[in-house]
Amino acid sequence: MSVCLFNSPPPLSLPTPAKRTLSVILDTSNNWTRKTLLGGAITGVLSINLLLSSPSSLAFESPSPSLLQSQSTEYLCREEEIQQDFKVESEAPQVVTNEGIVEEAWEIVNDSFLDSGRRRWTPQSWQQKREDILSGSIQSRAKAHDIIRRMLASLGDPYTRFLSPAEFSKMGRYDISGIGINLREIPDENGEVKLKVLGLLLDGPAYSAGVRQGDELLSVNGEDVKGKSAFEVSSLLQGPNETFVTIKVKHGNCGPVHSIEVQRQLVARTPVFYRLEQIDNSTASVGYMRLREFNALARKDLAGIEIAKLFLNEGEKVIYTVGRDPQYQNTIVADSAPLVKAPVIVLVNNKTASASEIVASALHDNCRAVLVGERTFGKGLIQSVFELHDGSGVVVTVGKYVTPNHMDINGNGIEPDYQNFPGWSDVQKHLSECNINQQG
């Protein structure tokens, strides 16, 4: 994501304004600014480069449910009233049956799952599945886990999945080392699933070694990844810090295949970088900010929702969240005055997804920005992680994002206002008309 802030008149071949202006350009696409703004079309760039979220990302849009807190009760007894000896017996740990684990996973889906496809899941069919699955005994824990995998796969939701105890334990530790890529499962024309690099941590290990967005991942340390999920392969890529992993990638659909050795690094670091620069031969200054990715630390410092709030008036809606469980039904609004009030241009393309779409839609629907480029990706689902009693877990789609104008992002994306870069007068006219329509 790139944001341009400049407080000198933008040289867009327009009449020079009588007073100094501040203009903003927000880029939520990859290399869009580089393609569009070459040749000195705009000066003073404040850019936020971000890694778009993928289904296999470890950073989820909604927080996992809180761990149950133990409650203690204080018993006050007076010696003169109670003359009784107590014998304390320790209870044996509760044994979780194979059937119990399967039913626990079933109940989580029954209570919280949101069907993004709007056609596969019904309470009646899910109840029937429970009866079919639990009609006989389940002989082993491995069999129970396999039943859960198949049960979740029947939902038709690519983001709802089972986590083995080892996978769940790894997910709980965010100080893991990896190579800084996000993978997505992409079906080809024959229906076979390929693992493609959806996003890269800029200046991360994989990017520095030569991996690029859109590359297909073929193997990890000689192990063919065909048929594996994005989460499984992401686990293969992780390991001790500063150790090496060898990956085989194919550039593009028909490009060459390369074997690349990548050194793992601790990637759970703050991705926010910023500085203030002086424009040559001018008294004006330019802020430069770079957000490499939305991860757990980015959420702490500068999340997609918080970015949108920087440009919105207090009380304006950022996004709605919708879910079957009331805890996922929320209206998120800006809670302070905006950082800037200048018109904004948001550059988008078909790789603008998830958190970036929240920013784009919030600014667009509140008449703060025009969108320029291509229709966005359309990933607006929320997943939560639930732990089962045997240490395994399930990731379940529990909600979705709806824009301030009540448009469902998921599967639809956001249509831009312009395909080509507009004149600044056109931007101002468009936003003025948008505000009039909203007020009228």
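Couple of notes before you dig in:
- Filter result for the condition that a residue is farther than 21 Å from Met407 by Cβ, modelled with pLDDT of 85 or more and part of a loop (DSSP other than H, G, I, E, B), over Glu314, Glu261: Glu314
- Listed by first and then second residue, the pairs linking a residue in segment 230-255 that is under 15 Å from Ser219 (Cβ atoms) to a residue that is hydroxyl-bearing (Ser, Thr, Tyr) and open to solvent by 40 Å² or more (accessible area, probe 1.4 Å), with Cβ atoms under 7 Å apart and 6 or more places separating them unless they lie on different chains, are Thr246/Ser259; Lys248/Ser259.
To keep it simple, each residue is scored yes or no on (1) among the aromatic types (Phe, Trp, Tyr); (2) more than 27 Å from Gly214 (Cα to Cα); (3) within 14 Å of the chain's Cα centre (by Cα).
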residue	(1), (2), (3)
Glu314	no, yes, no
Val318	no, yes, no
Val322	no, yes, no
Ala355	no, no, yes
Ser361	no, no, no
Leu371	no, no, no
Leu388	no, yes, no
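- Listed by position, the helices (runs of 4 or more DSSP H) contained in segment 132-225 that have at least 1 residues being among the aromatic types (Phe, Trp, Tyr) and either modelled with pLDDT of 85 or more or under 20 Å from the mean Cα position of the chain (by Cα) (or both) are 165-171, 205-209.
- Count - residues of segment 360-418 that are of a type in the set (A, V, I, L, M, F, W, C), open to solvent by 10 Å² or more (accessible area, probe 1.4 Å), closer than 26 Å to Gln327 by Cβ and part of a loop (DSSP other than H, G, I, E, B): 1
- Residues in segment 130-148 that are free of Cβ contacts under 8 Å to residues at least 40 places away in the same chain and crowded, with 16+ Cβ neighbours inside 10 Å: Arg130, Ile133.
- The set of residues in segment 204-229 being open to solvent by less than 20 Å² (accessible area, probe 1.4 Å) and in contact (Cβ under 8 Å) with a residue 60 or more places away in the chain consists of Gly204, Pro205.
- Residue check, Leu114 in contact with a strand residue (DSSP E or B) (Cβ under 6 Å, 6 or more places away or on another chain), modelled with pLDDT under 95 and either assigned to a loop (DSSP other than H, G, I, E, B) or not basic (Lys, Arg) (or both): yes
- Long-range neighbours under 7 Å by Cβ, at least six apart or interchain, first residue closer than 17 Å to Asp146 by Cβ within segment 97-113, second open to solvent by 30 Å² or more (accessible area, probe 1.4 Å) and in a helix (DSSP H, G or I): Asn98/Arg141; Asn98/Lys143; Val102/Ile133; Trp106/Arg130
- Filtered residues of segment 397-440 (kept if farther than 15 Å from Lys379 by Cα and within 26 Å of the chain's Cα centre (by Cα)): Pro404, Asn405, His406, Pro416, Asp417, Tyr418, Gln419
- Candidate set: segment 118-129, residues that are loosely packed, with under 12 Cβ neighbours inside 10 Å and part of a loop (DSSP other than H, G, I, E, B); chosen: the one modelled with the highest pLDDT: Thr122
The values are calculated or read from the model by the stated rules, or taken from the named source; none is laboratory data. Since this is a predicted model, take the numbers as computed values, not measurements. In this analysis, Cβ positions are derived from the backbone assuming ideal geometry, glycine residues included, and neighbour counts consider all displayed protein chains. Calculation scope for accessible area: heavy atoms of the full protein, side chains included, ligands and nucleic acids excluded. Shrake-Rupley method; radii C 1.70, N 1.55, O 1.52, S 1.80 Å.
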